[in-house]
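Scroll down for the structure; my scribbles are underneath it.
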Amino acid sequence: MCGIFGYAGSKRSAADAVLEGLQRLDYRGYDSWGIGVVERNLHVEKKVGTVGRTTALPKSPIGIGHTRWATHGAVTATNAHPHYSSDRSFILAHNGIAENADAIKTTLQSEGYRFSTQTDTESIVRLIEKKRSKKLDLSEAVRSAFKELTGRNTIIVLATDGDIVAARNGSPLVIGFGSKSSEVYFSSDIFSCAPHVEEYIVLDNGQMATYRKGIVSVFDIQTGKKIRAVREKNLLRDVSVNKGKYAHFMLKEIHEAPFVVQQVTKENARKYRGLALAVKRAPRVYCIGSGTAGAAAAQIAYYLRVYGNIPATALIGAEATDYRNLIGPKDVLIAPSQSGETADVLEVLELAKKRGATIASFVNMPGSMMTRLSDYPFMAHAGPEICVMSTKIFVSQIAWGYLVAKAVQGALPEGIRRLKKTASHINVLLSDTAYMSEIARHGKRMSRNKHIFLLGKAQNLQIIKEGMVKMIEGAYIHAHAIAAGDLKHYAITLMEPGVSVIALVSDDDVKSDTLNAIHEVRARGAEVFGIAPQKEKGFTHYLHVPDGGETSAIINVVPLQLLAYSMAVALNNNVDKPRNIAKSVTVK
Ligand code: G6P
């Protein structure tokens, strides 16, 4: 949800360095972008669309940039960041939502300040201007203005003298240092500057940093006191972010499913057992996530109920308001999150933390807020996921959740054994080119539908929901996941010739219920595309998946992801960057 980048150094042209950073950050938003550099004066270039090329920026050692996912104001070059101050003495880029922007604007307008964009960001710019007019230096003006903002905001400011000031409260911000600190990077994540950085600092909420003549200093925003920020070694320097032999990052990342499952089996058993103990002692356990991570959270809750015998509750981040008063000091919250920065989830976790609850997270992005907030921080170690649609991380999230549940059951080694087998089952599927072509064929056929229904039950219920998410996100086709047993209670009215239903069937104790639903569908003339270990009587079309027993769901999601991928490809959609969504959603 908007990416911020900054560069200061003598090695590279700032415009090039910032451009490269923004290209690696554009999963955070790609409706417009902009870069500003300082060369005597400030020069800014802003464009609509995904990060492209700059044409008008002079060579400069210092610059900042932004890639936007619009929240306030249309997608226009004017509304894109960075924004100039009225006297052009500084520019500012922003990630977040200044919730009191309108109130600030009204006050400032009554004092004579002029506004020319539709953004909330402009209120921050004008507020800093006002502070500066009271003779505060830039960093003090930023600090004072930032303290007045409500909401989750992170900003970066560049002044004509080459000073950079960045402040964080909510959205992420890291500061990377090149060799011998001759280069300094500011960014929304570490991956974007990882190839150039030896060490980095993760700013915490309520902290700000200044860059002046090669020196970076970190301060507490409330007190203004200097802080000794701990530098971490960058271990991601050689992590590659290319598509390799694959046509899209999505396809590459689906192919990494066996690897990510293996990764969760390598995690320290003591860590799993520690969390399992906390879960067993907790009066209430909540699993929370948003979007794809919401489906993963619900699957983790399912595993905890079935294998851990824990009455775990699944929550959607943005819809957890009614639970807020129910979260108590001994409760455990489990949050799978690719970014570790999802605002809807963070807000609930922060509240739970204040109440004394225990937080466990499973995150892929190093240095995230969720990790820092957690009593049990687990990392996916899955490598960067570039496609905006999450695939491999979903697989790793549910595999991890399965192991947590097996640890609660006291059967962690058995869980690890089963997961290793699962990884090799998935590997066999993904290495089978005939299988891949078969899915592509089905995908092409399914892409002609206006509506798609998905049926599943028990271990497959969240998997069909995730399949639904992928089809909506990638193919822009209306999909509707139905609990197989619930079909007869409502959606059966829609079953008629010409309707397509995808059914996930496993060899488990609810198989006959799912088959009943399939027969009900067929009896009304709709067609059923069955994904199952063997062909069943009601299937119109069939795709094989191996039976994985307890971990079947982790295998089943892969063909569904591939199907959604093939549909998006058949429709010529922008697979890795579907319209309107962002990968990291740091606003509510
Ligand atoms: C966005 C993304 C989804 C993701 C969700 C949660 O909506 O488009 O793919 O599942 O955020 O993100 P998280 O980083 O918490 O996994």
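Tabulated data
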quantity: In sequence order, calculated HN-Hα J values of the range 494-506 (Karplus, 6.51, -1.76, 1.60; Hz; x Gly/Pro); calculated: 8, 7, 7, x, x, 8, 10, 10, 9, 10, 9, 10, 10
quantity: Simple label model, 7 Å out from Cα along Cβ direction - SER89 to ARG305, nm; calculated: 6.1
quantity: Given charges at Cβ of Lys, Arg, Asp, Glu: the chain dipole, positive-most of LEU333, HIS425, ILE64; calculated: ILE64
quantity: Loop-located chymotrypsin sites (Phe, Trp or Tyr not before Pro) in the range 447-547 whose Cβ has at most 12 other Cβ within 10 Å (DSSP); calculated: TYR490
quantity: Karplus 3J(HN,Hα) series, Hz, for the range 260-269 with 6.51 cos²θ - 1.76 cosθ + 1.60 (x for Gly, Pro); calculated: 5, 5, 4, 4, 6, 6, 8, 5, 3, 4
quantity: With every protein chain in place, the chain: carbon and sulfur % of accessible area (1.4 Å); calculated: 50
quantity: Local electrostatic count at PHE186 - Lys and Arg +1, Asp and Glu -1, tallied over other residues with Cβ under 13 Å; calculated: -2
quantity: Within the chain, percent of DSSP bridges classed antiparallel, to nearest 5; calculated: 65
quantity: Per-peptide average of other Cβ atoms within 10 Å, ordering 504-511, 359-366 highest first; calculated: 359-366, 504-511
quantity: Inter-site label distance for GLU199 and ILE215 at 7 Å from Cα along Cβ, in nm; calculated: 1.7
quantity: Size of charge dipole - the range 3-233 - debye, nearest 20, with Cβ of Lys, Arg +1 and Asp, Glu -1, no other charges; calculated: 440
quantity: Computed magnitude of the charge dipole of the chain (debye, nearest 20; Cβ of K, R +1, Cβ of D, E -1); calculated: 780
quantity: Given charges at beta-carbon only (K, R positive; D, E negative), |dipole| of the range 242-429 in Debye; calculated: 760
quantity: Span from the the range 63-124 Cα centroid across to the the range 188-208 one, whole angstrom; calculated: 24
quantity: Where labels lie 7 Å past Cα in the beta-carbon direction, separation of GLU111 and LYS444 in nm; calculated: 6.4
quantity: Alpha carbon centroid spacing (whole Å) that separates the range 227-264 from the range 452-468; calculated: 28
quantity: Difference of contour (0.36 nm per residue) and Cα-Cα distance, SER133 to ASN580; calculated: 157.1 nm
quantity: Charge dipole of the chain about the Cα centre (unit charges at C-beta), most positive-ward option of LEU373, ILE398, VAL505; calculated: LEU373
quantity: For GLU183, distant residues with modelled amide H under 5 Å away; calculated: GLY178
quantity: Cα shape, the chain, gyration tensor, a/c 1.5 rule; calculated: prolate
quantity: Cα gyration tensor category, rounded, prolate or oblate, for the range 246-352 with a/c compared to 1.5; calculated: oblate
quantity: Expected 222 nm ellipticity per residue - DSSP helices of 4 or more, -39500 (n - 2.57), all of the chain, to 500; calculated: -10500 deg cm²/dmol
quantity: Radius 11 Å from Cβ of MET389, net charge of other residues (Lys, Arg +1; Asp, Glu -1); calculated: -1
quantity: Phi-based couplings in Hz for the range 284-294 (Karplus 6.51, -1.76, 1.60; Gly and Pro marked x); calculated: 9, 10, 10, 10, 10, x, 10, x, 4, 5, x
quantity: Probe 1.4 Å, accessible area per residue of the range 3-233, Å²; calculated: 39
quantity: Average accessible surface area per residue within the range 435-516, 1.4 Å rolling probe, Å²; calculated: 41
quantity: Extension reserve of the GLN118-GLN222 stretch, reckoned as 0.36 nm per residue once the Cα distance is removed; calculated: 34.5 nm
quantity: Protection proxy ranking, peptides 210-223, 393-406, 159-172, 241-254, average beta carbon neighbours within 10 Å, highest first; calculated: 393-406, 159-172, 241-254, 210-223
quantity: Local net charge near PRO311, Cβ-Cβ under 10 Å (Lys/Arg +1, Asp/Glu -1); calculated: +2
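The values are calculated or read from the model by the stated rules, or taken from the named source; none is laboratory data. Keep in mind it's a predicted model, so treat the numbers as computed, not measured. Here the Cβ is made from the backbone with ideal geometry for all residues, glycine too, and neighbour counts use every protein chain on show. We work out accessible area using only protein heavy atoms, side chains counted, and drop any ligands, DNA or RNA first. Shrake-Rupley method; radii C 1.70, N 1.55, O 1.52, S 1.80 Å.
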